[in-house]
Amino acid sequence: MEEIVFDVKQNLSDVVSRIRAAERRAGRKEGEVKLLAVSKFHSERKISLLADAGQVLFGENRVQEAREKFIPIKSLRPNVKLHIIGQLQTNKVKKAVEVADCIESVDRIPLLQEIEKRCSELGRNIQVFLELHTAEDSKSGFSDVDEARKALAMFGEGLFPHVEPKGFMTMAPFTEDEGAVRRSFSTLRETASALRREFPFLPLDELSMGMSGDFEKAIEEGSTLVRIGTAIFGGRDYGAK
Ligand SMILES: *Cc1c(COP(=O)(O)O)cnc(C)c1O
């Protein structure tokens with residue numbers, strides 16, 4: 001059956017309007033919040049359609065899937081940027097850094113060491129976010145801020161010359177409890193500003209937080225990058241893979 005794709009462009013423009021409206025409500029600078037279109041489980045065709053409509057940033061969870069879709073997409077559209085946003089096993093780093101522009105899900109120091117090693121071998125640089133654990137029921141991210149601080153200190157010592165720490169990422173808890181979601185976002189914002197004060201020489205400007213169900217709250221809480229899948233691409237058919 002012919003896949004129906006015409007709605008993804010409309011969905012994209014609706015989401016962009018909602019982002020701009022949330023920026024205005026929150027008194028944020030217009031255009032300050034960037035959109036990462038999370039295309040996991042969605043076809044290369046839909047992604048290409050959005051890329052041709054001007055969408056630049058895309059996110060994928062799994063390295064193999066990301067490579068299958070984005071090696072061809074990026075070879076035709078060199079302006080497209082890919083972020084890896086899912087938990088990354090150390091043995092997948094080599095394959096990841098060949099295709100990704102940014103790894104948002106950095107949750108441990110050994111992962112940074114492997115990213116540095118592989119980027120140095122390839123002679124390329126990459127951006128990263130440190131993922132921080134900000135809610136009880138989520139599993140991913142540095143759960144110990146001291147460990148994240150140690151990672152930043154290692155950047156300060158020049159141990160990761162091929163890696164640029166752009167900021168912080170978090171996943172809010174999956175709950176109807178709005179207060180808990182907001183607390184997770186404000187925890188990221190506050191932890192980030194404390195760490196920026198300790199490491200003023202590192203870039204660390206970005207806060208990646210907010211998904212389809214909660215991005216407007218995230219923008220009110222200071223997000224600079226929202227990661228949106230379902231609201232653009234529709235539901236994911238996990239059974240298809
Ligand atoms: C899948 C995913 C998203 C997007 O989620 P939606 O609810 O579909 O918008 C964002 N961030 C991460 C880390 C994800 O795995």
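Taking the Cα centroid of the stretch 27-57 and of the stretch 132-189, what is the distance between the two, rounded to the nearest whole Å? Spelled out, the Cα-based centre of one part sits 23 Å from the other.
If R0 equals 41 Å, the separation of the Cβ atoms of ALA153 and GLN89 corresponds to a calculated FRET efficiency of about 0.95. Expressed as a whole percent, the accessible area of the stretch 41-186 that falls on carbon and sulfur atoms is 49 (1.4 Å probe). Would you mind getting the Kirkwood hydrodynamic radius of the stretch 76-118 from its Cα pairs, rounded to one decimal in Å? Averaging 1/r across every pair of different Cα atoms and inverting gives 10.8 Å. Between amide H atoms placed 1.01 Å from N, distances below 5 Å from THR134 occur with MET171, all of them 5 or more places distant or on a separate chain. Would you mind telling me which residue in VAL33, VAL163, VAL16 has the biggest mean-square fluctuation in a Gaussian network model of the chain, where springs connect alpha carbons within a distance under 10 angstrom? Residue with maximal mean-square fluctuation among VAL33, VAL163, VAL16: VAL16. Couplings 3J(HN,Hα) of the stretch 180-190, computed from phi: 5, 5, 4, 4, 4, 5, 6, 4, 4, 4, 6 Hz, in residue order, whole Hz [Karplus 6.51 cos²θ - 1.76 cosθ + 1.60, θ = phi - 60°; x for Gly and Pro]. Distances between placed amide hydrogens fall under 5 Å for GLU164 paired with ILE126, GLN127, VAL128, all partners being 5 or more residues away or on another chain. Based on the Kirkwood radius over alpha-carbon pairs, what is the Stokes-Einstein translational diffusion coefficient of the stretch 29-124 at 25 °C with 0.890 mPa s viscosity, in µm²/s? D, rounded to a whole number, is 177 µm²/s.
Rolling a 1.4 Å probe over the protein heavy atoms gives the stretch 77-128 an accessible area of 42 Å² per residue. Measuring with a 1.4 angstrom probe and ignoring ligands and nucleic acids, LYS40 comes out at about 40 Å² accessible. Probing with 1.4 Å while keeping every protein chain in the model, the per residue accessible area of the stretch 144-241 equals 45 Å².
Between the amide H of SER105 and those of PHE129, distances stay under 5 Å, these residues lying 5 or more places away or on another chain, with hydrogens modeled in the peptide plane. Sequentially through the stretch 18-23, phi angles give Karplus couplings (6.51, -1.76, 1.60; θ = phi - 60°) of 5, 5, 4, 5, 5, 4 Hz, Gly and Pro residues having no value and appearing as x.
Over the chain, what is the mean sequence separation of C-alpha contacts under 8 Å (at least six apart), divided by residue count, expressed as relative contact order in percent? RCO, the chain: 20 percent. All other residues whose Cβ lies under 12 angstrom from that of GLN87 are scored, Lys and Arg at +1 and Asp and Glu at -1, for a net of +1. Pair-distance distribution P(r) for the chain, from all Cα-Cα distances in 10 Å bins starting at 0: 7, 32, 37, 20, 3, 0 percent.
The values are calculated or read from the model by the stated rules, or taken from the named source; none is laboratory data. Predicted, not measured: the structure shown is a model, and the values here were computed from it. Cβ coordinates were reconstructed from backbone atoms using ideal geometry, including for glycine residues, and neighbour counts include every protein chain displayed. Keep in mind that these areas ignore ligands, DNA and RNA; they rest on the heavy atoms of the full protein, side chains included. Shrake-Rupley method; radii C 1.70, N 1.55, O 1.52, S 1.80 Å.
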